[in-house]
Amino acid sequence: MVATLFFVGKRLTQDTIPILENFKDDFVSIFTYSNIAILLLLSILNWFFEILKWKTLASHCQVISTKESLKQVLKAHITSLITPAKIGEYGAKALFFPAHQRKQILFLTLLGNGYQMLATTIFGSIGIGVCVFLLFPSFGWYYILACVLGIPLLYITPQILDKIRWSVKGYSWQRIRQFMKTIASPIKQNAWIFSLIRYLLFAHQFYFLLLVFQVDVSYPLGMGLIATMYLVSSLIPMLQLFDVVIKTGVAVYIFSWIAVPEIIMVAITFLMWFFNVVLPILPGSYFIMIDTTLTRKKTSAL
């Protein structure tokens, strides 16, 4: 995180000052009521599909209402802010269910996050290809070679994992596969669809901010750069509360390929973080204050 802050600070040189002055002058035109409304709508939709995804996954153990899913997701979000790789989310969600279901809830939380990471990986891999062919065409053959070698690896990897004692968060690959088979196909399909929709929502929210800040980039290249940025930043473990630092550093570097001013990328990544990470803290905190169930369960679990 310190290295990222140093990198971003170094890029924000004296050459950025004139751009910052123009940014201050255009502040009113950028942050119009309509733009803020669109950003809020996209953030609400993003969390709405996360709530639907968790409601769908939790139905494997216990049917819960959309309202209950909303409470659980937002409470777990607050817990995940102070833990790397959102580890706190696993424990928080498990505490909402009876003790005999908690191991299954941990698996379901892992599955939900796994689907989201898979969506990021797929779109990110495509995005890298878009960036390579549009910005660095001389490296096109290297990308094609990587894809040719990578596709067979997708089929070989599960077989390799079966032979070694590989685990995720303390659970072996074999146990994860066995648990996956017990989950109904409609649940897995819907969770995967909701993950794809969530990705498209926050990716287009980022692209919308590029348009708002008048960044001159085509739709295919813009989405390719965004997908590449999200893939790279997702591979770096960090407290979600400070995730904005990593995303800012990665965004500044990747969008420097098309000469986007650093201050604009800092502003965009901050706004994405504010609308999608900070704002949900408010309703989540409210639910925690009015509901003592989680506190009681934490106490009884000690």
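Stretched out straight at 0.36 nm per residue, the stretch from Ala184 to Leu41 would grow longer than its current Cα-Cα span by 48.3 nm. Highest mean packing comes first when the peptides 61-67, 117-123, 251-257 are listed by Cβ atoms within 10 Å, giving 251-257, 117-123, 61-67.
For the residue pairs Lys55/Lys93; Lys71/Lys93; Lys93/Lys181; Lys53/Lys75, the C-alpha atoms sit more than 18 angstrom apart in Lys93/Lys181. Dipole orientation for region 53-212: of the candidates Thr83, Phe107, Ser138, Phe107 has the Cα lying most toward the positive pole (charges on Cβ; Lys, Arg +1; Asp, Glu -1).
Protein heavy-atom accessible surface, 1.4 Å probe, per residue over region 43-118: 38 Å².
The values are calculated or read from the model by the stated rules, or taken from the named source; none is laboratory data. Everything numeric in this text was worked out from a predicted model, so none of it was measured. Heads up, the Cβs are rebuilt from the backbone with ideal geometry, glycines too, and the neighbour counts pull from every protein chain shown. Calculation scope for accessible area: heavy atoms of the full protein, side chains included, ligands and nucleic acids excluded. Shrake-Rupley method; radii C 1.70, N 1.55, O 1.52, S 1.80 Å.
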